[in-house]
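Trainee: Before I ask anything, here is the structure I am working with.
The values are calculated or read from the model by the stated rules, or taken from the named source; none is laboratory data. Because the structure is predicted, anything quoted here is derived from the model rather than measured. Cβ sites come from the backbone with ideal geometry, for glycine too, and all protein chains shown count toward neighbours. Just so you know, the surface numbers come from the protein's heavy atoms only, side chains and all, with ligands and any DNA or RNA stripped out. Shrake-Rupley method; radii C 1.70, N 1.55, O 1.52, S 1.80 Å.
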Amino acid sequence: MITQEDVCSVQTMKEEEKYALLKNVIIDYERKEANLIQILHMAQAIFGYLPSDVQHFIADQMDLSISRVNSVLTFYSFFSTQPKGKYTVAICLGTACYVRGGKDVLNKLKDILGIDVGCTTEDKIFSLSVMRCIGACGLAPAMTINNKVYKQVNPNRIARILGMLK
Ligand code: FES
């Protein structure tokens, strides 16, 4: 069985080793279509994102059509077909955060980074995404940058927060 430890060591792997690991993941999940989401999660953990070549590999190995694989990964916002930046900035647009200005924070992020949701800056430093409630509603609006949570985010603080990361 493939462990999370195996997946965590991928940064030093060559491309063919990543594909070999993904093949083992698919075998572990018995090539079942019912396990496609888990397989896509593992593939994203291995490659960092899900480019066309990886999608085709999964489709071939599972004997599925490429359109089936593509329709599943485009349905869920947590899958990405583009490489992620060093920092993933995610703003919560759950009800409490939305009502307390989450949309303004998002617009400010779009302005400063010059990208839309789901995209990555040209210098590959920042990716932008949105998320649902993360349980910090009392201190909305909430934002995360990688695993760090920022609460009561004021749009006027965004430039400073991002500047400190560069
Ligand atoms: S709605 Fe954003 S943290 Fe709950």
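Trainee: For the chain, set up a Gaussian network in which alpha carbons nearer than 10 Å are linked by springs, and say which option among T95, T12, T120 fluctuates the most.
Mentor: Highest fluctuation among the options: T12.
Trainee: What FRET efficiency comes out for the pair A20/V149, r = Cβ-Cβ distance, R0 = 45 Å, nearest 0.05?
Mentor: Details: r = 36 Å, r/R0 = 0.80.
E(calc), rounded to 0.05, equals 0.80.
Trainee: Using the crude model of +1 on Lys and Arg Cβ and -1 on Asp and Glu Cβ, and no other charge, please compute the dipole size for the chain relative to its Cα centre, in debye to 20.
Mentor: Numbers: 19 positive and 16 negative charges, 210 e Å.
With only Lys, Arg, Asp and Glu charged at Cβ, the dipole is about 1000 debye.
Trainee: Take every DSSP beta bridge with both residues inside the chain and express the antiparallel ones as a percent of the total, to the nearest 5. Present the calculation step by step, with values, prior to reporting the outcome.
Mentor: On the way: 7 of 13 bridges.
That works out to approximately 55 percent antiparallel.
Trainee: Under the definition of Cα pairs under 8 Å and six or more residues apart, what whole-number percent is the relative contact order of the range 87-165? Show your work: numbers first, answer last.
Mentor: On the way: 124 pairs, mean separation 30.6, N = 79.
Computed over the range 87-165, the figure is 39 percent.
Trainee: Now, a different point. If the convex hull of the alpha-carbon atoms of the chain is projected onto planes in all directions, what is the mean projected area in square nanometres?
Mentor: Values: hull surface 42.0 nm².
For the chain, averaging the hull's shadow over all directions gives 10.5 nm².
Trainee: Rg/Rh for the range 4-75 to two decimals, with Rh computed the Kirkwood way over all alpha-carbon pairs.
Mentor: Working: Rg = 11.2 Å, Rh = 12.0 Å.
Result for the range 4-75 is an Rg/Rh of 0.93.
Trainee: How high is the FRET efficiency between K32 and F75 when r is their beta carbon distance and R₀ equals 22 Å, given to the nearest 0.05?
Mentor: Efficiency for this residue pair is about 0.75.
Trainee: Rounded to the nearest whole Å², what accessible area per residue is found for the chain with the 1.4 Å probe? List each step's numbers first, then the result.
Mentor: Working: 9520 Å² over 166 residues.
It amounts to 57 Å² per residue over the chain.
Trainee: Still on this structure, I have one more. Would you mind calculating the gained length between D63 and M131 on full extension (0.36 nm times residue separation, minus the Cα-Cα distance), in nm to one decimal?
Mentor: Working it through step by step, the gained length comes to 21.3 nm.
Trainee: Also, I was wondering about something else. Charges only on Cβ, +1 for Lys and Arg, -1 for Asp and Glu: so what's the dipole of the range 104-166 about the Cα centre, in debye to the nearest 20? Don't skip to the end; give the middle numbers.
Mentor: Working: 9 positive and 5 negative charges, 56 e Å.
With only Lys, Arg, Asp and Glu charged at Cβ, the dipole is about 260 debye.
Trainee: What's the longest bit of the chain with no exposed chymotrypsin sites (Phe, Trp or Tyr not before Pro), using DSSP loop states and at most 14 other Cβ atoms within 10 Å as the test?
Mentor: Details: sites that count: Y76, F78.
Maximal segment without exposed cleavage sites: 79-166.
Trainee: What number, in percent, do you get for the relative contact order of the chain if the mean sequence gap of Cα pairs under 8 Å and at least 6 apart is divided by its residue count? Don't jump to the answer; show the numbers that get you there.
Mentor: Working: 213 pairs, mean separation 29.6, N = 166.
Worked out over the chain, it gives 18 percent.
Trainee: I want to check the label-to-label distance for R160 and D104. Put each point 7 Å from Cα in the C-beta direction and report it in nm to one decimal.
Mentor: Result: 1.6 nm between the two label points.
Trainee: Which one, G85, I37, M62, is farthest towards the positive end of the dipole of the range 23-109 when Lys and Arg carry +1 and Asp and Glu -1 on their Cβ?
Mentor: Value computed over the given set: G85.
Trainee: Given H placed 1.01 Å from N in the peptide plane, which residues other than close sequence neighbours of T88 have an amide H under 5 Å from its amide H?
Mentor: Answer set, sorted by chain and number: S127, N146.
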